[in-house]
C-alpha cells in the first residue's frame, strides 16, 4: 500500500463513519472491512464511465453482501457518480442511498441486493450476457463469508463452472465474523478455496487490506474457469473498538464512540 492509497482508504472509512452516524443505523463492521477491495476495483480494475453510466461495455459489479453498501456509496461518490454531499442522506426518506443497494435509485449501482445469497446468481446472468459476441465485459461479485452458508451460492457456483464463465470473478470479504458470532461457531466454512476448486473454479488469495495485492489477483491472466479470490480482512478495520467484534455487524454509534472513531481516522 502506498501512502496515497492509505490516505484514500482512511478518507473512505471516515465517510462511512460519518454517514452511518448521521442516520444512526447501518452496518459499520462489514463496511469497514471491504474498503480496500472496492478501492482496488474502482482504481485499477473495472472499466466504467461516471458520465456514461449505462455504457453497455462497462464491467459490472454486484455487491452481494448488500449491507456493506456504505463503502460502495463512498467510493462511487469519490469517483464522480454523484455528489459527495449525498452520502450524508443515507437511509433518509427520499434519499438516493438506500440501506441496501438499489439500482433504480443510485447512479453506478448495477444490481439491487440485500437478501444474502442471491448476488452470485445475478452475476451469473450478467456474465452469460457478457460472453455474447456483441458484448465483452467482466463481472465481479463481492460476497461475505457468512453469506457462503447459503445454498443458492453453491448452485450458482456449479452453473458458473458448467458454462465456463471466465469473465466472472467472486471476491470474498473474509473477515471471519457474521451477525451471530464467528463463522467457526455458527457454521464452519472449512477450506473455502478448496470447495470452490472442487466446483471447478480457479482460486487465488490476496491480502484484503492491500490494494496492490488485490489488484494483482483481479488482473491476473484468466483461463477458461470462473475465478474465486479469497481476501482475508478485519471486520471493523481501522476503528480499534470495532475490529474483530461481531457486535458491530449492525449497530449505531454514540456521540462518544463516533468522536473516538473519527479521531482514529485523523479527523
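The values are calculated or read from the model by the stated rules, or taken from the named source; none is laboratory data. Keep in mind the model is a prediction, meaning the values are calculated, not measured. As a convention, Cβ positions derive from the backbone with ideal geometry for all residues, glycine included, and neighbour counts pool all protein chains shown.
Considered as a group, the residues in the stretch 110-125 that are out of contact with any helix residue (DSSP H, G or I) (no Cβ under 7 Å at 6 or more places or on another chain) and closer than 17 Å to residue 65 by Cα include one that is surrounded by the most Cβ atoms within 10 Å (Cβ to Cβ), and that residue is 123.
Condition check: modelled with pLDDT of 95 or more and more than 17 Å from the chain's Cα centre (by Cα). Does residue 59 satisfy that? Considered against the rule, which asks whether it is modelled with pLDDT of 95 or more and more than 17 Å from the chain's Cα centre (by Cα), residue 59 comes out as no. For the stretch 19-29, the candidate set comprises residues that are more than 13 Å from residue 235 (Cα to Cα) and in contact with a helix residue (DSSP H, G or I) (Cβ under 7 Å, 6 or more places away or on another chain); within that set, the residue that is surrounded by the fewest Cβ atoms within 10 Å (Cβ to Cβ) is 22. Applying the criterion of being in contact with a strand residue (DSSP E or B) (Cβ under 6 Å, 6 or more places away or on another chain) and part of a helix (DSSP H, G or I) to the residues of the stretch 110-129, the residue that is farthest from residue 99 (Cα to Cα) is 127. Residues that are at pLDDT below 95 and not in a loop (DSSP other than H, G, I, E, B): does the stretch 209-218 have at least one? Checked the stretch 209-218: no residue is at pLDDT below 95 and not in a loop (DSSP other than H, G, I, E, B). Is it the case that some residue within the stretch 30-43 is part of a loop (DSSP other than H, G, I, E, B), touching a residue at least 60 places away in the same chain (Cβ under 8 Å), surrounded by fewer than 22 Cβ atoms within 10 Å (Cβ to Cβ) and in contact with a strand residue (DSSP E or B) (Cβ under 9 Å, 6 or more places away or on another chain)? Scanning the stretch 30-43 turns up no residue that is part of a loop (DSSP other than H, G, I, E, B), touching a residue at least 60 places away in the same chain (Cβ under 8 Å), surrounded by fewer than 22 Cβ atoms within 10 Å (Cβ to Cβ) and in contact with a strand residue (DSSP E or B) (Cβ under 9 Å, 6 or more places away or on another chain). Cβ-Cβ distances below 7 Å connect the following pairs, each with a first residue in the stretch 189-201 that is touching a residue at least 24 places away in the same chain (Cβ under 8 Å) and on the phi > 0 side of the Ramachandran plot, a second residue that is in a helix (DSSP H, G or I) and surrounded by 17 or more Cβ atoms within 10 Å (Cβ to Cβ), and a separation of six or more residues or different chains: 200/161. Give the residue, chosen from 136, 166, that is closer than 21 Å to residue 46 by Cβ, at pLDDT below 95 and either in contact with a helix residue (DSSP H, G or I) (Cβ under 8 Å, 6 or more places away or on another chain) or part of a loop (DSSP other than H, G, I, E, B) (or both). Criteria check complete, one pass: 136.
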